[in-house]
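Working notes, beginning with the structure itself.
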Amino acid sequence: MKLKKMMHISILSGLSLIIYVIESQIPPIVPVAGVKLGLANAVTLYAKVTMGARSALLVLLMKIFLGNLFTGTAVSLFYSLCGGILCFMAEIIMFRLVDDIKQMWAVSITGAIFHNIGQVIAATVLMGTDKIMWYLTVLIPVGIITGTFTGLVATYTLRAMTNKR
Amino acid sequence: MTNKKLIVIFTCVFFAFIILAIILSNIQPDERIAVVTVDGKVYKEVDLSVDDTFVVETSKGTNEVRIKDNAIYVEEASCPDKLCVRHGKLNNKYDSIVCLPNKVVIEYKTAPDIDAVVGR
């Protein structure tokens, strides 16, 4: 039982790590730092639904630490941690507010918005300028679009996986 | 929460921020003086009415800044992502050109705020 869970966590960590690394190789479409799809979040959402919050947090932290080891720097680790943890907390709260698992897109959007807020806070602390807050007016609408997409990916993956069993 | 409620909430937030972004992007600064900061410290203050080219040298790399026709932009950068170059001109009061790898920020000079006055 415990071994099975551990295996699940490591498989999902690996999966989100692959998505994260591939995604970071795609050049940014718009000249605003921080705009990306965030597909790895779908894996975190999937882990939360199938295995609970604690395992999902493990998957997320594994992705952040190893992902930044492979692609980023010590500074980007701080950004990822700020965004990731705030995103995760918002998602856990949002999971309680929605009444059906099909509304996962709403959870995902909330997560995306708070991920952006977390990263802007990190940037404000690191750069010592609060003008970066201006980015939020762009990042939040974009986050709503990408968040919807990521949430739908998680919903359909979940549906496909549970039907097979 | 029902599906309908959630859709309404997120649509409202979406358009609220888009409108806010449009409003903010139309505000122009009172005076066209830009400040270049490196790692939170003021590196140089430049008047945008005078055409000029200079290189900002930091411990992490360099950014070549150009001032032309009352506008300031980064011409060339040593960082890998080149987001500061792709950002283009500084186009409104709240805009800032940021180079995260080199910790370089270019923005319009703002009037000293309450915090700065109290801090004196």
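Computed from the coordinates by the stated procedures, all read-outs in this text should not be read as laboratory data. Model, not experiment: these values are computed from the prediction. So basically every Cβ, Gly included, is an ideal-geometry build from the backbone, and we count neighbours across all protein chains shown.
Karplus-derived 3J(HN,Hα) values for region B:50-57, using 6.51 cos²θ - 1.76 cosθ + 1.60 with θ = phi - 60°, are 9, 5, 6, 9, 8, 10, 8, 9 Hz; glycine and proline are entered as x. P(r) tail for region A:2-164: Cα pairs beyond 19 Å make up 53% of the total.
Shape index of region B:33-111: Rg/Rh, with Rg the Cα radius of gyration and Rh the Kirkwood radius from the inverse mean 1/r over Cα pairs, equals 0.92. Report relative contact order for region B:33-111 in percent, whole number only (criteria: Cα-Cα under 8 Å, sequence separation at least 6). Averaging sequence separation for qualifying contacts and normalising by length gives 29 percent for region B:33-111. The alpha-carbon of B:Lys103 sits under 17 angstrom from the alpha-carbons of these lysines, leaving out residues fewer than 8 places away in its chain: A:Lys131, B:Lys41, B:Lys44, B:Lys60, B:Lys82.
The packing ranking, built from the mean of other Cβ atoms within 10 Å per residue, places the peptides B:46-53, B:72-79 in the order B:72-79, B:46-53, highest first. Here the 3J(HN,Hα) profile of region A:46-54, calculated from phi with Karplus coefficients 6.51, -1.76 and 1.60 at θ = phi - 60°, is 4, 5, 4, 6, 7, 10, x, 5, 5 Hz, Gly and Pro shown as x. With a cut-off of 14 Å between beta carbons, the residues surrounding A:Thr110 carry a summed charge of +2, where Lys and Arg count +1 and Asp and Glu -1.
For chain B, the Cys residues with no second cysteine's beta carbon closer than 4.7 Å are B:Cys12, B:Cys79.
Under 5 Å between amide hydrogens, built in the peptide plane, is the criterion, and for B:Glu76 it picks out B:Glu64 among residues at least 5 positions away or on other chains. Per residue of A:13-23, other chain Cβ atoms within 10 Å of the residue Cβ number 0 on average. The mean sequence separation of alpha-carbon pairs under 8 Å and at least six residues apart, normalised by the residue count of region A:2-164, gives a relative contact order of 25 percent.
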